[in-house]
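The values are calculated or read from the model by the stated rules, or taken from the named source; none is laboratory data. Keep in mind that what you see is a predicted model, and the values were worked out from it rather than measured. In this analysis, Cβ positions are derived from the backbone assuming ideal geometry, glycine residues included, and neighbour counts consider all displayed protein chains. Accessible surface areas use protein heavy atoms only, side chains included; no ligands, DNA or RNA. Shrake-Rupley method; radii C 1.70, N 1.55, O 1.52, S 1.80 Å.
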Amino acid sequence: MFKAQCSRCSSLLRLLYAFGVKRFAFTRKQIASNKTPRQINRNLIFNLIRMRQPISRADLARVSGLQRSTVSLIAEELIQGKWVLEGQTGKLPRGRRPTFLQLNDQRAVIALDIHPSQTTVAVVDLGGRVVAQSLVVLPDDPGKALKTITSAIKNMIAANKDKSFDGIGISLPGRADPGHEKLVFAPNLRWPALSIKTQIERGTGLRVEMDNVANACALSEVWFGDSDGLHDLVVVNVAEGIGTGIFANGQLLRGDGGMAGEFGHVQLDPAGPECACGQRGCWEMMASNRAGLRYYREGAPNRGIPTFDALLRLAQASDPAALKAVRKMAMFLGRGMRMIASALAPAEIVVVGDITTAWHLAGPVVEEEIQRSALARPPVRPAYEGNAARLRSAVALVMNENSE
């Protein structure tokens with residue numbers, strides 16, 4: 001399951017993010033038809049513009065290997081669909097002056113990164129650039145949480161009237177049912193989260209797509225080209241808890257009821273701290289941000305520390321207790337990844353979360369643990385702008401045609 005079937009299929013899958021009329025589809029295998037090559041070519045050109053903008057049609061033809069007439073036709077379709085804009089004109093010694101193409105940065109999505117006590121609301125353009133963001137502290141009254149979030153979304157839209165919003169992408173600290181109407185497993189979320197999708201759509205008038213944060217970030221890795229979409233990968237999101245998203249054979253693996261990937265609740269230490277799921281010593285209790293703070297308090301009981309960000313700053317300033325806490329957290333993070341490596345043998349493991357800002361401290365410890373495995377030893381890397389990856393993933397959620 002975790003290997004490409006043949007080189008010919010591999011070359012097609014590398015391109016097959018299947019561009020649709022309004023959204024993209026790269027999480028389901030497509031049935032072959034006479035439209036498939038055209039879809040592949042159109043999506044290839046779109047992604048090249050996104051990654052290399054501004055770029056001329058001639059350069060697109062050269063880089064893609066497609067005929068200039070094909071590139072010109074696709075470019076016109078993208079312009080008509082308001083995905084791409086014509087920009088400045090270049091200069092050549094002779095011949096027709098090229099017109100450069102770039103993404104329409106007026107098209108954007110609203111990103112919600114939900115945490116138990118706070119939510120980040122942001123505007124993210126099609127290229128993954130975070131245009132604006134605000135941190136919303138959720139009220140103590142759980143019944144008011146969704147109203148607070150909806151109000152923050154409206155304020156963000158009002159403050160960015162120059163943008164055309166395609167929808168809202170929500171990263172959740174839990175597992176949603178296949179219909180995306182409610183959460184089925186969210187032990188760290190303390191306020192009622194039933195029908196998030198319906199209530200926010202009703203309150204804002206925008207289409208809402210939501211998923212577990214690790215799943216969303218796995219899609220983002222493919223969408224933004226940090227992974228080629230061919231090789232299987234596992235994303236590990238490290239926050240208050242630990243979640244994993246599995247991308248294999250060109251699609252997310254969801255499992256029965258959407259519960260695939262809950263490695264964070266696999267027990268590592270039967271004598272460990274009690275987890276919100278009811279067990280003791282789950283992986284997330286040993287390697288999450290909360291675990292790092294706990295290790296620091298155990299090593300420096302007379303020094304209070306309010307946030308995980310503050311702990312990372314202390315560690316990067318060579319504070320002994322903070323360094324010890326981060327390294328212990330990284331050790332358990334690596335041990336959990338050994339479990340993933342042995343179970344799934346992915347081509348790579350990608351880490352998302354604030355810990356990536358101190359990866360020069362945590363990474364070597366994680367790598368050392370991975371190398372202890374007698375079986376698979378996949379490379380581990382932090383996601384690009386790993387602490388902002390949850391916001392960037394909103395683009396992949398909203399623009400993915402086959403969000404389930």
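Be a star and scan segment 305-329 for residues whose amide nitrogen sits under 13 Å from the point 7 Å along the Cα-to-Cβ vector of ARG297. It comes to 305-308, nothing else.
For the pair SER72 and ARG129, a Förster radius of 25 Å applied to the C-beta separation gives a FRET efficiency near 0.35, rounded to the nearest 0.05.
Near PRO379, within a Cβ-to-Cβ distance under 11 Å, what is the net charge of the other residues, with Lys and Arg +1 and Asp and Glu -1?
Spelling it out: positives minus negatives among the neighbours equals 0.
Take the Cα of GLU367, go 7 Å toward its beta carbon, and the backbone nitrogen atoms of segment 306-344 under 15 Å from that spot belong to 331, 334. Take segment 303-404 with all the other protein chains still there, run a 1.4 Å probe, and you get 40 Å² of accessible area per residue.
I'd like the carbon and sulfur percentage of the solvent accessible area for segment 107-164, probe radius 1.4 Å, heavy atoms only, ligands and nucleic acids excluded.
On the way: 1230 of 2530 Å².
That fraction is 48 percent.
As a fraction of the 1.4 Å probe accessible area of segment 241-349, surface on carbon and sulfur atoms comes out at 50 percent. Cα centroids of segment 236-290 and segment 139-172: 28 Å apart.
On full extension, the segment bounded by MET259 and GLN279 gains 5.5 nm, given 0.36 nm per residue less the C-alpha separation.
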